[in-house]
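Report on one structure; see the data block that follows.
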Amino acid sequence: MKPTRPCSLFTLLTPTLLTLFLAAVAWTQSDTPIVISDGSLTMESRGVPWSQFGAAGNTRRHPNQGKTLTSVDLRVNGRNQTVTCGNHQCTVTARYDGTTITVSSGANGRGLTVNTDFSAFHGGASANHLAHNNPNTQIGAISVTGGTPPFNGTGSGHTLITIHYQ
């Protein structure tokens with residue numbers, strides 16, 4: 001029996017769709033973003049609990065220093081922008097109620113660190129969340145340097161910064 005055209009098309013598309021699905025699953029498992037949002041500032045480390053970060057003073061190091069900071073997704077004042085990072089240093093800085101949060105990679109794009117006054121935060125909804133002690137303000141100045149294109153702006157509420165690290 002000769003296959004019909006729809007059956008042949010299905011046979012051709014199935015491996016492609018399966019490959020795309022598996023690639024998406026692999027990507028989501030390898031991406032361990034840090035998400036900073038306001039309207040009650042929180043920092044979330046989606047892939048790794050904060051307790052697993054190496055700590056030295058106000059700096060915490062991601063436990064997998066071999067991963068690369070790949071991009072930063074920003075939603076500031078209702079506008080979205082992606083800054084692409086790569087095999088060079090990329091630094092994200094956000095200011096909230098006198099607290100500066102700096103997330104940075106090393107010179108080769110690897111070795112993610114988070115620097116802030118961690119005493120200004122307390123445990124949040126899970127081991128992956130930290131919440132600022134002052135829930136009544138918003139992220140102000142934001143910058144991303146070392147990425148393409150660089151970003152400088154000021155938030156006015158409901159800011160979301162997603163730092164992708166794979």
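Every number here is computed from the coordinates shown, using simple stated rules; none is lab data. Nothing here was measured: the structure is a model prediction, and the numbers come from that model. Quick reminder, even Gly has a Cβ in these numbers, built from the backbone with ideal geometry, and neighbours come from all protein chains shown.
For the reader, a short list of remarks on this structure follows.
- Using θ = phi - 60° and Karplus 6.51 cos²θ - 1.76 cosθ + 1.60, couplings along the stretch 84-101 (whole Hz; Gly, Pro as x): 8, 10, x, 8, 8, 5, 9, 10, 10, 10, 9, 10, 9, 6, x, 9, 9, 10
- Kirkwood hydrodynamic radius over Cα pairs of the stretch 79-150, then Stokes diffusion coefficient at 37 °C and 0.692 mPa s, in µm²/s: 243
- From phi via Karplus (6.51, -1.76, 1.60), per-residue ³J(HN,Hα) for the stretch 158-166 in Hz, x at Gly/Pro: 6, 7, 9, 10, 10, 9, 7, 9, 10
- Spin-label pair residue 81/residue 131, simplified geometry with 7 Å Cα→Cβ offset, distance in nm: 3.1
- Each of residue 30 and residue 95 was given a label point 7 Å from its Cα along the Cα-to-Cβ line. The distance between the two points is 3.7 nm.
- Peptide ranges 84-96, 46-58, 136-148 listed from the most packed, as the mean C-beta count within 10 angstrom indicates: 84-96, 136-148, 46-58
- Percentage of interatomic Cα-Cα distances in the stretch 32-165 larger than 25 Å: 17
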